[in-house]
Amino acid sequence: AREQELLDLERRFWDAMVAKDGDRAGSMTDEQCIVVGAQGVSAIDGPTMAKLTREGDWELEKYTFDEKSAQVRFIGDDVAIVAYGAREEVVVDDESLRFDVNDSSVWVRRDGTWRCALHTESLVGDPFGRDKKA
C-alpha cells in the first residue's frame, strides 16, 4: 500500500504536467528540488516549478508508466525513492515526439505532505551514446 501511494504521487505529478496545472505541480515540489536530465542539473522551488509547468513551451500530450519496471524503496518513514520506465508523447516546436525514458524521484514527507526533492530523467538508449551518432 505504501509503494502504491508513491507511484500514485508520481502519476499525479505527471498528470499536472499534462494538464499544465502549475499550482498542483508547484505544491508537490520541495523547497530545493534538484532536477537532472539531458539539459543539465538545476535546483528549483515550488513557485518556479509552477511557472515552468504553466508557461513551458512544450505540451506533454500523453505518458505511460512501465509498471513492471517500477521500484519503490523507503529510506525511512518520510523518505522514499521511486524509479520506473515511461513513454512520453510531447509536442515541442510544433513537432510531435515519442520517446522512452527512465525516471527516478526522491520524495520527502514534510508536515504530512509528500514533496519531490529530486527528479531525474534519462533517455533510453546505449549507455555510451553510440545510438546517437549522426
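Taking a straight Cα-Cα cut-off under 26 Å and skipping sequence neighbours fewer than 8 places away in the same chain, the lysines within cross-link reach of residue 51 are 20, 62. If R0 is 35 Å, what FRET efficiency do you get for residue 54 and residue 8 from their C-beta distance, rounded to 0.05? About 0.95, to the nearest 0.05.
Once backbone amide H atoms are built at 1.01 Å from N, residue 29 has 116 as its partners under 5 Å, excluding neighbours fewer than 5 places away on the same chain. Looking at region 27-134, the trypsin sites (Lys or Arg not before Pro) that sit in a DSSP loop and have at most 16 other Cβ atoms within 10 Å of their own Cβ are 133. Couplings 3J(HN,Hα) for region 19-26, derived from phi with the Karplus relation 6.51 cos²θ - 1.76 cosθ + 1.60 (θ = phi - 60°), are 7, 6, 8, x, 4, 5, 4, x Hz, where x marks Gly and Pro.
Where both bridge residues fall in the chain, DSSP classifies roughly 90% of the beta bridges as antiparallel.
Taking all protein chains together, 52, 97, 9 sort by accessible area into 52, 97, 9, largest first [probe 1.4 Å]. Here, the chain yields an orientationally averaged convex hull projection of 8.8 nm² when only Cα atoms define the hull.
The values are calculated or read from the model by the stated rules, or taken from the named source; none is laboratory data. Please read these numbers as outputs of a predicted model, since none were measured by experiment. In this analysis, Cβ positions are derived from the backbone assuming ideal geometry, glycine residues included, and neighbour counts consider all displayed protein chains. The accessibility values were calculated without ligands, DNA or RNA, using every heavy atom of the protein model including side chains. Shrake-Rupley method; radii C 1.70, N 1.55, O 1.52, S 1.80 Å.
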